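The values are calculated or read from the model by the stated rules, or taken from the named source; none is laboratory data. Owing to the predicted nature of the structure, the values given are computational and were not obtained by experimental measurement. Quick reminder, even Gly has a Cβ in these numbers, built from the backbone with ideal geometry, and neighbours come from all protein chains shown.
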Amino acid sequence: MREAIEVMSKNDPCEYEIEGKRLECTHCGHAEFHEGKAMLNTAGMTLLGLDWANQTAVTLMCDHCGLIHWFAKPPKAKME
Ligand SMILES: [Zn+2]
């Protein structure tokens, strides 16, 4: 039961802050995102020097337009 709640809370759109600045969608300016994870463990990413990032990236999908923003460092969810 607790697992189900955790999954649901991750699916709620949330505001994020990076280096003290509120994240806004680069396309539409919306400020709520759905968090996800993506693997970076491909030959191409290793060549780009991203294999230090534990082979995963955090993805934040804009709640409004769906544009996915990629982060090699996990962004901080803004707490109210
Ligand atoms: Zn957007």
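Computed values, structure above
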{"item": "The stretch 18-29, subset farther than 17 Å from residue 57 by Cβ and under 14 Å from the mean Cα position of the chain (by Cα), residue nearest to the ligand (Cβ to nearest atom)", "result": "25"}
{"item": "Output for the stretch 1-48, where each listed residue is at pLDDT 95 or above and β-branched (Val, Ile, Thr)", "result": "26"}
{"item": "Subset of the stretch 55-80 (residues that are under 15 Å from the mean Cα position of the chain (by Cα), at pLDDT below 85 and assigned to a loop (DSSP other than H, G, I, E, B))", "result": "55, 72, 73, 74"}
